[in-house]
Amino acid sequence: MKKITGFTTLFLLLAIITGTHAQTVDDIVNKHIEARGGLDKIHSLQSLSMEGTLLQMGNEVQIKYYQAHNKGLKIEFSLMDQTGYSIITPTAGWSYNPFAGNTAAESIPENQVKLSQVSLDLHGPLVDYQSKGNKVEYLGKEKVNGADCYKMKVTRSSGKSGLYYLDAGYMLVKSVTPSLVNGEEQEVTTEYSDYRKSPEGYLVAYKRSSGVGDMTFSKVTFNPVLDENVFKPSN
């Protein structure tokens, strides 16, 4: 019988610990994917449109949200018969805010575009995270609104990282991600709730709350045909 040295024992323990940690991360990610209907279902979602309201400082703002996977994201906001928008694409971004006195669309600064481009991924940072160049770490459990959640740290290929909290059903209930606020990079916390499954089998949160305000969606369309001009400045 071979003698097991202290070094051998140490290496065995390290292998077990490392393997268990990696398995835990992938187990949680796989259950997250399963909870959302499976990888094929998620991959089949290539576009999305949503309509609803944003409650902000006592005002009810009408919002429309259009997204094509890794191609474009447009958010329209309307109040008092005026409509503004923000657009992000893989190469550029524009904003038009008549409430700030804009008379035409303005280019979004490059650093803000880069931070916002992560939102173009309609499938989320945990899905296919390795092929996207993302690194995922499991940081243990933490309570969100009194319930234990899986705390996941995602570091993207850009080096920017965010925190994602999954509930007992492995659905996203909270994220803490970097964003530019008034020209300064800050962490923005968003909470997700009221998940509903469509007849096609897609799950989406109809309520989202952040420092911007509380959003409630009343209409969601999966895989709509979106004209490419949707993601171009119109004025």
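Only residues that are assigned to a strand (DSSP E or B) and not aromatic (Phe, Trp, Tyr): list them for the stretch 75-101, please.
The answer is ILE75, GLU76, SER78, LEU79, GLN82, THR83, GLY84, SER86, ILE87, ILE88, GLY93, SER95.
When the residues of the stretch 108-123 are narrowed to those that are at pLDDT below 95 and not hydrophobic (A, V, I, L, M, F, W, C), which ends up farthest from SER44 (Cα to Cα)?
Residue satisfying both the conditions and the ranking: PRO109.
Would a scan of the stretch 220-230 turn up a residue that is loosely packed, with under 13 Cβ neighbours inside 10 Å and in contact with a helix residue (DSSP H, G or I) (Cβ under 7 Å, 6 or more places away or on another chain)?
Taking every residue of the stretch 220-230 in turn, none turns out to be loosely packed, with under 13 Cβ neighbours inside 10 Å and in contact with a helix residue (DSSP H, G or I) (Cβ under 7 Å, 6 or more places away or on another chain).
Hey, can you tell me all the residues within the stretch 151-190 that are charged (D, E, K, R) and in a strand (DSSP E or B)?
Those that are charged (D, E, K, R) and in a strand (DSSP E or B): LYS151, LYS153, LYS174, GLU184, GLU185, GLU187.
Can you tell which of LEU39, LEU54, LEU45 is of a type outside the set (Phe, Trp, Tyr) and modelled with pLDDT under 95?
Sole residue among the options that is of a type outside the set (Phe, Trp, Tyr) and modelled with pLDDT under 95: LEU54.
What are the residues in the stretch 25-76 that are free of Cβ contacts under 8 Å to residues at least 24 places away in the same chain and of a type in the set (Lys, Arg), if any?
LYS64
Can you tell me which of (1) surrounded by 13 or more Cβ atoms within 10 Å (Cβ to Cβ); (2) touching a helix residue (DSSP H, G or I) at 6+ places or on another chain (Cβ under 9 Å); (3) closer than 25 Å to SER44 by Cα is the one GLY169 doesn't meet?
Evaluating GLY169 over (1) surrounded by 13 or more Cβ atoms within 10 Å (Cβ to Cβ); (2) touching a helix residue (DSSP H, G or I) at 6+ places or on another chain (Cβ under 9 Å); (3) closer than 25 Å to SER44 by Cα leaves (1) as the failure.
For the stretch 66-87, indicate whether the set of residues that are crowded, with 17+ Cβ neighbours inside 10 Å and of a type in the set (Lys, Arg) is non-empty.
Yes, the stretch 66-87 contains at least one residue that is crowded, with 17+ Cβ neighbours inside 10 Å and of a type in the set (Lys, Arg).
Taking the stated definitions as given, is LYS160 at negative phi and at pLDDT 95 or above?
no
Which residue, of ASP148, ASP194, is out of contact with any Phe, Trp or Tyr (no Cβ under 7 Å at 6 or more places or on another chain), assigned to a strand (DSSP E or B) and among the acidic types (Asp, Glu)?
ASP148
The values are calculated or read from the model by the stated rules, or taken from the named source; none is laboratory data. This structure is a prediction, so every number in the text was calculated from the model and none was measured. Because the Cβ atoms are built from the backbone with ideal geometry, glycine has one as well, and the counts that use them run over all protein chains shown.
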